[in-house]
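The structure under discussion appears below in the form of structure tokens.
The values are calculated or read from the model by the stated rules, or taken from the named source; none is laboratory data. Quantities reported herein were computed from a predicted structural model and do not represent experimental measurements. Here the Cβ positions follow ideal geometry from the backbone for every residue, glycine too, while neighbour counts run over all protein chains shown.
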Amino acid sequence: MVAQLAQPDSLLAWMGCLADPTRLRLLRLLERNELGVADLCDVLQLPQSTVSRHLKVLADQGWAQSRRQATNHLYQLLLDELDPSARRLWILAREQSDQWPTARHDSTRLQRLLAERTSDSQAFFASAAEHWDKLRDEYYGQTFTTHALLALLPPGSVIADLGCGTGRAAALLAPYVAKIIGVDNSAAMLKAARRRTIDMQNVELRRGNLEELPIESSSCDAALLLLGLTYMTDPPAVLRESLRVLKTGGRVVIVDLLAHDRDDFRKQMDQRWPGFAPPPVEAMLHGAGYESIVVRSLAPEAKVKGPGLFLATGVRPN
């Protein structure tokens with residue numbers, strides 16, 4: 001913000017700062033763009049010493065804000081941060097200088113500079129497109145996309161994590177929703193889940209069977225069932241219970257194994273069911289009372305050794 005000085009000193013200081021054509025040209029460029037000294041020298045066709053001297057005056061008087069980026073300083077006129085009287089003075093100065101031939105040439109050179117930047121950016125992405133995913137993973141990791149998608153959840157949501165296991169999903173969801181109710185019948189799994197979520201005040205863990213959930217009716221916005229249906233004695237009963245605890249319009253999300261013939265795998269994992277084909281899953285969801293049902297196979301991940309998976313969703317109707 002332009003410094004507040006005693007009247008009439010403030011008016012005279014503002015007018016004195018603007019009473020120079022080079023500084024007016026600089027402010028015209030900086031009003032809509034954040035530019036460095038080299039950029040400004042290129043557009044104004046002035047030496048660095050001249051541009052830097054005038055930028056210092058503008059910065060000292062509060063007309064131009066600056067920030068450091070690596071070894072460069074970037075400058076910008078932030079119109080909303082000016083004193084209202086100074087803003088009116090600048091608007092008048094800008095209008096009176098609109099027809100300057102020099103100002104029009106400055107604008108033409110600025111558009112050329114910005115076009116070159118766009119071209120350079122497009123050239124970079126054209127060359128990087130084939131290995132962009134690898135670059136992103138190498139420099140930024142893979143979890144930021146997951147967190148961005150989780151942030152789309154309504155923050156007031158109550159989620160039922162059915163067959164919560166060691167609390168992995170609950171811990172991931174907890175920062176983004178109001179409450180997680182995790183249910184599992186294994187004391188050992190719940191012990192591990194408590195360790196994982198001990199600092200998360202909005203995670204509540206309950207021991208119980210998924211066929212008879214220890215959750216109040218119509219109390220949850222969504223129900224999550226990850227790799228749990230193959231362990232259930234009565235999968236349709238589990239789906240009916242999941243519907244019971246959902247509010248109207250609530251959604252169930254299921255991920256589990258597609259039907260397979262790997263009996264050794266089923267015995268190793270102590271699963272009751274060798275997966276499910278999509279049509280029976282859709283029929284079970286429909287029989288439980290769900291609508292807007294979608295069941296689809298998931299693409300297998302590289303180096304994964306287990307059977308393929310499906311994703312199923314359904315909505316509790318009115």
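Selection of segment 67-98 for residues being aliphatic (A, V, I, L, M) and not in a helix (DSSP H, G or I) yields A70, L74, L77, L78, L82.
Check whether at least one residue in segment 228-243 is among the small types (G, A, S), in a strand (DSSP E or B) and touching a residue at least 60 places away in the same chain (Cβ under 8 Å), and report yes or no. Within segment 228-243, none of the residues are among the small types (G, A, S), in a strand (DSSP E or B) and touching a residue at least 60 places away in the same chain (Cβ under 8 Å). Contact map, segment 93-106: first residue closer than 18 Å to C17 by Cβ, second residue not in a helix (DSSP H, G or I), Cβ cut-off under 9 Å, separation 6 or more or different chains; pairs are R94/E31; A103/S97.
Report, ordered by the first and then the second residue, all pairs with beta carbons closer than 6 Å, sequence separation of six or more or different chains, a first member in segment 1-20 that is surrounded by 12 or more Cβ atoms within 10 Å (Cβ to Cβ), and a second member that is at pLDDT below 55. Here the result reads A13/L5, each pair linking segment 1-20 to a residue that is at pLDDT below 55. Residue check: is K267 without any contact (Cβ under 8 Å) to a residue 24 or more places away in the chain and on the phi > 0 side of the Ramachandran plot? Spelling it out, it is not the case that K267 is without any contact (Cβ under 8 Å) to a residue 24 or more places away in the chain and on the phi > 0 side of the Ramachandran plot. Helices (runs of 4 or more DSSP H) fully within segment 133-199 that include at least 3 residues being within 24 Å of the chain's Cα centre (by Cα): 143-150, 168-173. In segment 182-204, the condition of being in the same structural domain as H147 (by TED's automatic domain parsing), buried (at least 17 other Cβ atoms within 10 Å of the Cβ), modelled with pLDDT of 95 or more and closer than 17 Å to M284 by Cβ is met by no residue. For A223, the test of being at pLDDT 95 or above and buried (at least 20 other Cβ atoms within 10 Å of the Cβ) is passed.
Looking across Y231, Y290, one residue alone is under 21 Å from D184 (Cα atoms) and either of a type outside the set (K, R) or exposed (fewer than 12 other Cβ atoms within 10 Å of the Cβ) (or both). It is Y231. If I ask for residues that are exposed (fewer than 14 other Cβ atoms within 10 Å of the Cβ) and over 20 Å from P21 (Cβ atoms), which ones from segment 57-71 would you list? Across segment 57-71, the qualifying residues are R67, R68, Q69, A70, T71.
Out of all the residues in segment 247-269, is one or more among the basic types (K, R) and within 19 Å of E211 (Cα to Cα)? Yes, that holds for at least one residue. Any residue at all in segment 34-49 that's farther than 23 Å from R117 by Cα and in contact (Cβ under 8 Å) with a residue 24 or more places away in the chain? Within segment 34-49, none of the residues are farther than 23 Å from R117 by Cα and in contact (Cβ under 8 Å) with a residue 24 or more places away in the chain. When P278, P307 are checked against the criterion of being surrounded by 15 or more Cβ atoms within 10 Å (Cβ to Cβ) and modelled with pLDDT under 95, a single residue qualifies: P307. For segment 50-66, a residue qualifies if it is in contact (Cβ under 8 Å) with a residue 12 or more places away in the chain and not in a strand (DSSP E or B), and the qualifying residues are T50, V51, S52, H54, L55, V57, L58, A59, Q61, G62, W63, A64.
Regarding A151, is this residue surrounded by fewer than 16 Cβ atoms within 10 Å (Cβ to Cβ), modelled with pLDDT of 90 or more and closer than 30 Å to R206 by Cα? Considered against the rule, which asks whether it is surrounded by fewer than 16 Cβ atoms within 10 Å (Cβ to Cβ), modelled with pLDDT of 90 or more and closer than 30 Å to R206 by Cα, A151 comes out as yes. Within segment 74-91, residues that are farther than 18 Å from H54 by Cα and surrounded by fewer than 14 Cβ atoms within 10 Å (Cβ to Cβ) have Cβ atoms under 8 Å from residues that are modelled with pLDDT of 85 or more and not small (G, A, S) in these pairs: E81/Q65, counting only partners at least 6 apart in sequence or on another chain. Candidates are the residues of segment 28-45 that are under 13 Å from L77 (Cα atoms) and not hydrophobic (A, V, I, L, M, F, W, C); the one that is surrounded by the most Cβ atoms within 10 Å (Cβ to Cβ) is R28.
The number of residues in segment 99-117 that are polar (S, T, N, Q) and not in a helix (DSSP H, G or I) comes to 1.
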